[in-house]
Each structure stands twice: as C-alpha cells, then as structure tokens.
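Contents: one structure, followed by commentary.
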Amino acid sequence: MGEFKVHRVRFFDYMPSAIRTMAFNSQTERLAVARADGAVEIFNFNDNFFQEKVIPGQDGRAIEALCWVGHRLFSAGLNGEITEYDLENLRPQYTVDAYGGPIWTISSNSQGTQLAVGCEDGTVKIFAILEERIQFQRNLNRHKGRIISLCWHPSSAQIAAGMTDMITIYDAETGQATRRLLVDRAMGASKNKEVVVWSVGYLSDHTIISGDSAGKVQIWNGLTGTLVRTYLVTKWDVLVLSVSKDESSVIAGTSEGTVIQFQFISSTLDQHDKEWVRTRTFRNHSHDVSALAHTDTAVVSGGMDTQLVVRPLLDKVEKNTQESALRKIAFPHRSLVGCAKKAGLLLFQFPDRLELWKLGESEGHGEQHTHTHTLGEDHICCSALSACGGWLAYSTVSSVRLYRIHVMISVSSSLQVPKLPKELRSVHQLCFSSDSSKLFASSCQSSVIVVAVSQQECRYLHTLKHKTVSTMLYRLHLLCASDDGKWLATANTDCEIHIYNLHKMKLHCMVPVYNSCPTTIAIHPVTNNLISVHADQQIFEFSLVQKEYTQWSRRLQTQGLLSLWLERDTPITHITFNPKNPDHIILHDTYMFCIIDQSLPFPELNAVLWNQMTLKNLPVSQRIGQSHAFKICKIFQHLMCVSLLEDLSLVVVERPLLDIMSQLPAPVRQKKFAT
Amino acid sequence: MVEHGDIRVVHCGGSKLNFRDPVITHDSRFLLCASGEAVKVFSTSTEECIHELRGHTGLVTGVLLRPSNHLQVYSSSLDVLLFLSSLFCHCGSSNSSCNTHFPILSLFIKRFQLVAVHLPQSGDQLVEARELSAVLSGVNPNPAAIAFGRGGEFIASVNDLQLEVTYIFKIQGGWNTFTCVACHPKDDCIATGHEDGKIRLWRNFNHKKEYTYSTLHWHHSAVSSLCFTPEGTNLLSGGVESVLIQWRYKQESERDFLPRLGAAITHITVSPDGSLFCTSHSDNKITIIQSCVKVSAVIQGLVKGDIRTDLMMDPRSKALVLNGKPGHLQFYSLQRDKLLYNLDIVQQEYIHESGLQQFEVVKAAFDASGLWLATVEERHQKAAELELNLKLWAFDEQTQSFVLNTTISAPHDAQITAMSFRQTADSQTTLLVSTSKDGHFKAWQLAAPAHTEDEGPSWLCDFVGAYHGLVPECCSFSADGSLLAVAFQEVVTVWSPATWELLTTLSQPPGAVSDLCFGRLSCSKYLLGTTASNLLCCWNLLTCSLEWSTSMDVRRLLVDPLSENMAAFCYQSGSTDLFVFKPSEPRPLFSRKAVCSGKVTQAVFAPREEMLESCEESSQWLNRSQLYFLTQQMTCFLFSPLKLVIDDSVAMTPFYLLLGKHRQQQQEHRDSDSSLWAERTALPQTSASIKELLQTPAHVLPSTSYLCSMFVQSLLISVSDAREEKAHAEEEMESEKEEEDSEEEMESSRSKPELVAAATESDAPALTKAQARELRRVRKLDHSWLAGLLDS
C-alpha cells in the first residue's frame, strides 16, 4: 500500500443545515429535501439514494413546505412566496406572492390541477396549475388564526386544514367550511396553552388523522366529525405525519426524534373490520423529526439533526439484503473541498463563503488559514481552485467570479478579475486545466465553455457541445481535465460521459452509457484512461485512445465486485492517482479510503475486504498470497476529501460527525432511565 | 459395613412452588401448583394447603384443569406418566393414568385436546399436539416460550431470536432474544417478552408475511412472564423488578403497577373469571392479587437462594433457620412444611437489579436456650472494601420474635469465618466467639450499661485472641462450656473461657482443620476435627493425644445435641455417604452409601418432640432427633425409620363408636354385594375418609347439610333391604357439585381402558348433563304405584 506523510485536516467546520421538510414523488422515485438555509436537494431513490441535484439556497429564503406536481416542484415559505424550481438549471424558475402573509403549508390535489396554500392570515388560497406558471383562483372562507397544515381529500372535493385548536374541513368547490373538529388541549399543561395541529392527513374513506402540539395523534371520522381514537405518543409535539400510498400505514414524527408507525389492520385474520393500531417506533434521530416521507418500502425521515434517514420497513423488503439496511445520509454526495496539488492549498466551500487554507510545512507547525471570502445573499453552487494555487473560481446561481491569488509566506491577497466573458453567467461546475491556463465551466444545455485565463486577460475560447438525439439536455455535474491537457471528460445526470479532445476542440467519443449516475470521474495522468465510479459502486476504466473499456475493467466486470464493496452506503466522491506508482488509484467515500492496485489480482468473492491489519501480522511470504487489489484504510472517518499532493503527502480532510452533533442546539428534554 | 435397609431417605417438603405456573380453579377458590413430585391444592383465601395430589414419582412438570370438567386435573411429570385426577377426591390419588413414553416437559390444552412437550431421547425437543400432530422442532424447554392463539388455531413458540407461528411462518426477532410469549384470547395478537425488557405485540401475521409489531417498554431487565386476562382487555407482565404491570390492551400508554412484590416474578396466571391474578416469584412464593390492586394472599414455600448460613434449629420454635429472602433469615417449620416468618436482618431496602452488590446474611448462630441470635452480614462493594456488621438479637417474650439488641459494625477487619455461642445452661454468662480471617478471634459478652439507665444490657468485646498470626477457621465450645477449641489452620488450640488461658494445642498436619466438634455426654472428652487432607481425627482431651483418625473426605460433621452420636457426610465419587458413629466406639452405628447424588451442603439434627421407642439397633440413633439435610438442588430430605407408626386410631368419640360399628357392618355388606351402587355408598364411610373428614380444617369442609346427611345415613342403614329408599333420600340431599363429580368419576372409570390404549382423552360424552340429570330423575321416581296397579 505504501507509506504516506498525512496531513490530517480537521479544521473544515462544515455544518449541514437542518432538514425542514421533504416531499417524495413516487412516480419518479425522487425525494426533494428542503433545508433550513433554503437549499433544496433531490435524491434519486432508484439509483442508490444518490443526491442528484442541489439547488443552492439564498439568505432569507426559508422553505416551509414542498410539493411535487408531476415532475414540477413547488415550495412555499415564510416569506409569503410560492416558488417553482427549474430542476434542470437548478434555480428558482419564478416566484408568486400569495399576499396572505407567511405561508405555512402547500398541498396539491390528486389530479395535479390545483394547489392550496395555507397562510398566516387564516386563508386557504387555491391556485390553478397551468403550463409554465400558476394562477390565483380563489380564497376559501377565511377563519381567524393561521392555517398550519393542509390536506386534500383524494377526490379533490374537500380540504382538511389544521389550525390552532381545531381542524376545519372545507368544501373545495364552494369554499365553505363544512365541519370543525375541535382538538383537545394538552392534559396537565395549562388550559390557556393552545394546541397547534401541525399536520393532517385525509384518507379516501374520509378518515382524518391529525398530529398536534399536545403530542397526540388523533383519528377522526370526517363524515360525522367524531373522534375515533387518540394516541398519546409523546410529551412534546407531533410535528409531521405521512400516509403511505395504499393508506394502510401512517407515520408520525415527534420532537423526541422518534417516528411512530400506525397501521390499519384487522384484529383477527379472517375478519375484515380493520382499525388503526399503533405499531412500530423508530428511533433514529436525536432531535426534532420535522420531515417525513412514507415510500412503499421505507420510512424516510429528517430533522434538526441534519441527517436523512432511510429506514426500510422489514415487512416490505427482503431481509438481510442491501435493501433492508438502514441508511443515514449525513454528508453531501459531492466534494466540497478543492485541493491545489502543487501549492498545497485547500479550498473549503461553505454555502455562504469560501475558505482558503495553506498546509503547514513541517510536522511542528499546523496549517494556516489564509483567506476567507464572504459573499452576497446567493449561496455558492460550485467552486474550483487551480492546481498551481494561483486561481480561484466560484459560481452562484446568477454569476461567476474569478480571483487571482497571491500566497506569500504569511499574508495572501486575492484580486477579483474584473472582466469575465459574458458567456460565463450561470454554470454548474467549474474546473481548471492542470497547467492552470484554461477554465472549463459547464453551462446550460449541456455545453462546456472554455475560457483562457492568464495574467493579462480572461478570454472566451470555445463552447464544447455534443449533438444528442434526445431533446432533453441534461446538466453536466462532473468535469475532469487530463494532466497533459489533451482531454476533457464530462458527465451528466443522465449517466452519459463524453470525452472532448481539447486540441481539436471537439467531441472525441462517448463512453457507453451505464444505468447508474457517475459520482466521480478522473483521467489517469499516465495511461490516459478514464476511471468512473457510479452510484451503485461500480468502477469502470475506459481507454480514451482505444475508445473501449480496458482489460482490467472487463476482468473486474466478469469477476464482479465483492458484496462488501457494493453494500457501502456512501458514494465515492473523489479519485486521485499516485504519480510514483501508476498502478495505484486512490478513491474515498465518507467512511474509508481505498487504494486500488491494478497490478494485483481481484479478491475472491468470499474474501475479507478489510484485511490490512491481518496482512500486517502475516509473514512476508504469505502476505503476497493474501493481498488483493483493494487496500482499504478505515483509520480516518467521515472523510470530506483525500488527495495526494505533489510531494507525495496525503491530505485527509475529516469532519467527525460528533463535532457536527455537538454544534446542534440542545434537544428537547427527555427522561432518561436511571437519571 | 452393615447396610441397613429399614431406614430410608424421605423427601420432606420445601420443594419448589414456582417451578411451573400455577392454575386457579374456575370458582377462583383454589390454586393448584406443581410442587416437587406432587400437586398441591391451596385455598386462595386462607393460603392453607388443603391437600396434595400424589402419585407421580418424578418431578411434576405441568398441571392443567380439564376443560370438559373443571373438577378434574391433568398432571404430567418427568416419569412419563400423565395423570387425570379428581380435584376433590378425598383420597387424593389419581383416577386414571396413561404412559406417554416420553418425559413430558410441559402441558397445554388446545380446545379439548391435550398437548404435551416431549423430550425424546434423540436430543431435539418436540411439541406434539395429539390428533393435531403439529411438530415443532427445537422448542425452548421453558413453557413460557409456547402459547396457543385464539381458539387454538395456531401455536406460537419462541426460541432465542425466532418467533415461530405454526402453520404460518417464522419471525426473526432482530437483535433481542425472546424470553416468553402469550397469545391474545380473542384477537390475532402475540405478545412476546424480550431479554432487553421490551414487550412486542405482533399483529397481522398473515400469509404474506406483512406482520407488524408495536413495542412496549417499561422493564429494565428481561421480561420473564406475560399473560393476557381472559377477556383480553389487559396484558400482565413481570420480571426481575418484582413489579406486576398491567397494560391496557390497545391503550398501552396507560398502565397500572403493583410494586414491591418481594422477589422477581417468574410466572403470572389469571383466574378464568379474571378476578384473581397470581404471580409466582423466584423466592418460592405465590402471591394472589385481587384485581391488580391488592395482594390478598401469599403462599410462601421454603425460600431457595444462596444458603450462606448453616442450617440451624431454632431451639424455641424447633423451626429450621436459614437464609431466606435477601437480607432475611427464614424460620421454616418442617413439621408443617410451611414458612413461619422471615426475620429482617439487614433492614435495608433490597434493590431488584441483577449484578448489584447488596448486604447478605452470611453467618448466624443461636445460643442453647434460643434467647439470643447472632448474625453477620457483609457486603463486597469492591474487591478491597468489605462492610461487616455483627448483630445480636434478643428474643422478646411479648412479641414472640427477635429484637435487635446490639449492632457492632466492623467487628473484624476481614470476613468472619465462624461464630459460636457458649452452650451453657445458665444464661447469665452468655458468651459469643467469632473467628475471622484477620487472624483474631474475639469473645463478646453481654455487659450491663455503664452510665445510663434507660439502655438495656448490650454486647461488648471481652477478649481478642490470636495464635502466631495464623488464620482461625472454626471454633467450638465444649458441651459444658468450659473449653473453647479454635482451629488455627493446622493447629487446634484449646482455651479456657473463664480465664482466657491457652490450655493446650493439638495438631495433626498436614492440612488445615476445617470443622471442629466436641463430643457430648459420655463422649465429652473427645474433640473431633476434620482436616483439608481428608482426615477425620479424634483427640482425647484428657491425654491431649490423638485417639484415632481415619481417612475420609468429610464435608460436614454434625453432633447430635441430645446424644453422643455424630454424623459425618462424606463426598465420594459424585455422591454423598453418611456415617453415624459414637466417638468412643470403633464401629459406626449406621452407614449409608450414596444418600444422594451431588454434595450435601447443609445438614442439621433436629430434636424430636417426643422420643421414639424404637428397639432396632440401627435406627436407635433416630430416636431422639431427626437428621435433615439439604442437597445442592435445595431439596430438603429427612432420615426416617421405615416403620412409621400410622396413626389409625380415631379418638373415642360418640362419632367413632357409631361409625366404627357401622364400618364393620359395611364390610359385611360389601362382601355380599358387589354392585357399583354399593361401592359408591360405601365410599364416604371408609376409615380414611372419615379420618380426613375429621382432620380437615373446618373451612374446607363441605356444607353441614351434606355432613349431616351422611351421619344420618350411617345411623339408618342397618337393614340392606331398606337401602334403596335411603339412598334416594341421600341422593336428593347431595349437592349439585357432588352429583357432577360422581358422574365424572363413573365416566372416567368407564373410559379408562380406552385411555390407556389410545393414550388420549375422548371428549364425547354421550349425554349432556341436563339429559343425564333428567334420566336420573326419572329413574328416581317412585314407581310403586305401578306395582299397586298391577296387584289390583
């Protein structure tokens, strides 16, 4: 495996923001997650829960509710606006002010023709969903007090609205309130403390399920307006409810961090009189569960503790498979760290600022902080640092900035390059060439803009484009330039990888499409082979010269990867190469880094993958027989970046989960046993 | 050595009451529980044992009421027999039995079929449901691990990490081990208890495997028992916390607690009408609870725990004294097989949590008159720290119990190894000697209070002795109290308690002396000791020399306080031998090889209340006292001469004269008449039944009208011709219950051959009860008018 000098970097104080709400689209199997900083993330549940898209947030935009209508995603927030997102270009498409004060909730009817929003002033506003826009239709009858939660009846004829102290059922046609269900205030607490219905569900058999701030989940008969059952599930609040598609199961998230499942089952098997029964309790969060989604096979929950938890329901999935494993998504599925290999600089990307750090020279000295850029109200979507450390570029939703950096012994300065070509307006990914002379930027319509950067000026060179048969143009989310400056590889979210010849400035070839999205790509500096790792953990090596998969890649595919490798639940986010030994490929995910030695045989299918420790204890003769291509190191945990500098020292950027946990606000008080 | 056949080892009670879950009868008046080789019937209101159903020769493993007749009971045992016995048959013996060919581990009832858990020789365990032939393999031997679902349609069984629902599927329990299972009587809901204290309610276990569960969590340790109430409205659970929890079914957040039940709960049962709950506890106790709020009765057996004290006899109450509940001494009457009371020694709240170090009573000693009791309690908090308390208790005549007189904290620096009172007749100079691992022995004496008047006399240290820094292991006073022998490892030192002068030393190396006894009466010049090198030595104190020694591995050396006899329990090749001898005689009085398998841990001579006049030489040593011993399995045994004097004579009362005379007549009748009817009328008048009638407590007797009728009948039946008419009168006066009883008896005796052949209970009575009654009424009608008609 070799020995490296390691820079163990723990000063990247990345702090993910709390999950505010989520919406699951069962047609496309996409989950949209809104965070407290206004960012929206899209996860593809078909592709190993890969985080496909991130729409950066904005200061002052707080999303309270998300809603899918077909392929369109709407959000509403306390700023009183309804926003529809452009999911291809990852930015808000338009916003509409509802003129009702802060919006607490948004919900669409089952046909996808109308959108109801609940406002602070007590109105439920109905918007018609048109092509490309939404249009205000009417207000339902106004009530005193704010509308906290909304749910359409599947027939779209009624709307249940949760308010303080009551639930109101509206007739969607006439706008009249047909029934009011009064919700009891908390027992024991003062009677003056009003109870907030945080969430309602309206089932097709006119059952209404509500979760409120008194810790109750209540089942109502919506036809008669009577209370059927009350389950006191927590001493604190029931914040969110989610109903499964077949309406046989409801989950409720509480302030205690628990998710409680209720199921509609018959008490005896041969009879059909079913009733709601409280069943399982899932305890995967330390803080409020403020977002829930009930997919067909799993409970997806998120909350204040910033982690997205996918808990498969064991009665719906095959046991002891990859599908039945609990998954916690704590870190973004992309690299937030840039590394200048020659200069020893690290660039950390935060939503609202960039930090540039210089690695220390010797053992004794620590690394020093050189520079911080604090930016405007738009959040950063991507950033890049050139290998020489002289250039820094970042992009927000609306603009691109380029900086020239002078790093002295103690001080450093940065200079914004004033005039950028007008083509560089909105980009998704930035990348410098290895000699730092060119900047590549993926733009809209799946094109790559090539800009020459030099001391004097910044000049637009070319736009690389490929012809496609399909009309849909997917966003490029990965860019990679080869060391010799000849090749550029791009990957888009439709799983296509294109290779451009930079000398000729035209498309060289396209890698055969694999059905899983590439999570990272890299071009080998010596052999010019393209290594791609996909969301389902497969590894491919593609020879750019011969335009075919290499022998190594074919052997790997025929033999198959070990299940231990395939069952890892975080994607590979970065690949580097060892300049001394061209056979070595260094890649990492959140929990390990791995050096793949292409000269060694693949492990047997039943072999132990993590065997570095046992190998160390074996005598040399046996060690050779036991060693295999995958050399895995798990000493470093919660990795944000592993990169090999030019002086062959390894930079390991860690962000321990415990540090994140310690920065979270205190959870609600819970009685712990024996305290 | 002579083998004596006429002395036998008798199992004398103190057997486990909590081995299997007890059964409450339909009217909630009686409680049946398996106890050793018998089934005991207790009254739920008075806690008294009413009678025992005997007949098994192995450990009884299951008791069940017969569903078709709730006055009959099935019992199974390891002796491969299955008994069906009548609950209130006065003779208490079984009515029918069948051989199952397998040792039965537990019994279940599914509708009207019996299900037994077998332990076949092949090794893996099976549940065999007869006529159902459901066979589960790999079943947990604990009966709490199997339950029958609604109407007996499925069997749920748990084992380690699996819940298996027969005919449906298996559920992998995830990460926590199952401990027990219960099925809801009405709904398809299975409750399972887990090692980590959680209770899971499994539902919706249909064929599509879409089962689901909800979790209830209150227990902090493993749930040991679960039970649904008959209507299914409540779920009861219990564990080591000794709290009975009542969960409302479907409103599980509401629950009731019944705390402080005294010891860990092992079984929970509910009476068929749901009014009584009954919990078995690990300290061999059954608690009867009325509607989850009030403990109404406690049936306490011999508490079986870690016995650290010696077995002792309380000289006053003649009760066996040993460790009872944690921190208590129990006083157990062996004559009545009943716990008299528990004496709280530690006087601290016991915390029900495993692994917690708490105070334990490790030594106790009575003085000869039973006026004083000395106890030692200790607690090992950590390896270094040792907390010791020596407590002296005086017997209070007024309250008839022991009252704490003196507490000496840290009487020694290390563990106390032995403690002994001077056994003198005059109680003025009571002296207690304690030896400890710190190398000292201390003498404690009752001293008058020095300064204040309001305090009574208390105990003070009188003398501290040591010998060359050696550790004293045991001590003993001579019978007259003039000598004290303390064994310091290999050396036995003899002291004079009057002057605390070292009189002499005796030694027989190698091997430390582990037990010391002075001879009694004519043998009081002898001092006997056992050494660790398997030597039994006898020193003559007059010559201060070794009289004799023999090589045997003596585990326990006992001296009979009323004679010169001594008993030695020797452990040899897996079993224990007993020798009874006089120190002065070369031949043992009695020896018995292999008294029991395993080691005898504790034994005691108990003086008899009245002397036995046995003339046989071999059993003479049992004339004055009885020898009790306790095996490792904590069963108590007694040596008793075979020739038991059966107290057949009934006191000379007018009743006796009447009945006795009548009995002879009855005897003649039976010879001449062999009809079933005659058998039946004769039955209540046999000597045994009358005896039982006169001896049973008044509260369990049948109604007076019934008794009366019996006596009237016995007065009137003298002419055999008149019997028919008298029988009519009697029959009408009989209670309904008796009627059913007799009917069942007849039926079972009729079906007995079938039973043995098919080894199953047929549940096809040809007539319903109402029909049978009608038939009998018709038969009883006076048909003499018909004869009159015919005549005329």
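Below, the figures for the structure above:
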{"item": "Share of Cα-Cα pairs in the range A:14-169 lying beyond 19 Å, as whole percent", "result": "52"}
{"item": "In the range B:357-448, GluC sites (Glu not before Pro) in a DSSP loop with at most 14 other beta-carbon atoms within 10 Å", "result": "B:GLU385, B:GLU397"}
{"item": "Gain in span if fully extended, B:LEU542 to B:LEU521, counting 0.36 nm per residue against the direct Cα distance", "result": "6.1 nm"}
{"item": "Two-site FRET efficiency, A:LYS467 against A:LEU564, from Cβ-Cβ distance with R₀ of 56 Å, rounded to 0.05", "result": "0.85"}
{"item": "A:ASN192 paired with A:ASP484, simple spin-label distance in nm, labels 7 Å along Cα-to-beta-carbon", "result": "8.0"}
{"item": "Projected label distance in nm at B:LEU386 and B:HIS70, using a 7 Å step from Cα toward the beta-carbon", "result": "5.8"}
{"item": "Candidates per trypsin sites (Lys or Arg not before Pro) in the range A:467-534, loop by DSSP, up to 15 other Cβ within 10 Å", "result": "A:LYS467, A:LYS504"}
{"item": "Those residues of the range B:44-72 whose amide nitrogen sits under 19 Å from the label point placed on B:ALA772, 7 Å along Cα→Cβ", "result": "B:65-72"}
{"item": "Environment charge at A:GLN307 (Cβ cut-off 15 Å; Lys +1, Arg +1, Asp -1, Glu -1)", "result": "+2"}
{"item": "Pairwise centroid distance, computed over Cα atoms, of the range A:166-238 with the range B:33-68, Å", "result": "55"}
{"item": "Sites matching GluC sites (Glu not before Pro) across the range A:496-598 that sit in DSSP coil, with at most 14 neighbouring C-beta atoms within 10 Å", "result": "A:GLU567"}
{"item": "Area of A:ILE405 that stays accessible when all protein chains are in place (1.4 Å probe, Å², to 10)", "result": "10"}
{"item": "Mean-position separation - Cα centroids, the range B:459-528 and the range A:547-566, in angstrom", "result": "86"}
{"item": "Along each principal axis, Cα extent of chain A, largest first, Å", "result": "77, 61, 53"}
{"item": "Over the range A:235-329, relative contact order from alpha-carbon pairs under 8 Å, at least 6 apart, %", "result": "21"}
{"item": "Inter-label distance for B:SER296 and A:CYS509, nm, one decimal - labels placed 7 Å from Cα along Cα-to-Cβ", "result": "9.0"}
{"item": "Rg ratio (alpha-carbon, reference 2.2 N^0.38 Å) - the range A:235-329", "result": "1.11"}
{"item": "Bins of 5 Å from zero: percent of alpha-carbon pairs in the range B:483-629", "result": "2, 10, 18, 21, 20, 14, 9, 4, 1, 0"}
{"item": "Accessible area of B:SER584 in the full protein assembly, 1.4 Å probe (Å², nearest 10)", "result": "60"}
{"item": "Amide N of the range A:113-143 lying under 17 Å from the label point, which is placed 7 angstrom from the Cα of A:SER17 along Cα→Cβ", "result": "none"}
{"item": "Sites B:SER584 and B:THR504 - FRET efficiency at Förster radius 25 Å, r taken between beta-carbons, to 0.05", "result": "0.75"}
{"item": "Relative contact order (%) - chain A, alpha-carbon pairs under 8 angstrom, separation at least six", "result": "8"}
{"item": "Calculated FRET value between B:GLU254 and B:ALA447, using beta carbons and R₀ = 56 Å, to 0.05", "result": "0.40"}
{"item": "Potential extension, A:ASP296-A:LEU648 segment - 0.36 nm per residue separation minus Cα distance", "result": "121.9 nm"}
{"item": "Unsatisfied cross-links (Cα-Cα over 31 Å) in the set A:LYS191/A:LYS274; A:LYS328/A:LYS672; B:LYS40/B:LYS325; A:LYS467/A:LYS631", "result": "A:LYS191/A:LYS274; A:LYS467/A:LYS631"}
{"item": "The range A:106-117 - phi-based ³J(HN,Hα) in whole Hz, Karplus 6.51/-1.76/1.60, Gly and Pro as x", "result": "9, 7, 10, 7, 5, 6, x, 9, 10, 10, 10, 10"}
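The values are calculated or read from the model by the stated rules, or taken from the named source; none is laboratory data. Keep in mind that what you see is a predicted model, and the values were worked out from it rather than measured. Methodologically, a virtual Cβ is constructed for each residue, glycine included, from the backbone with ideal geometry; neighbour enumeration extends over all protein chains shown. These area figures cover heavy atoms from the full protein model, side chains too; ligands, DNA and RNA do not enter into them. Shrake-Rupley method; radii C 1.70, N 1.55, O 1.52, S 1.80 Å.
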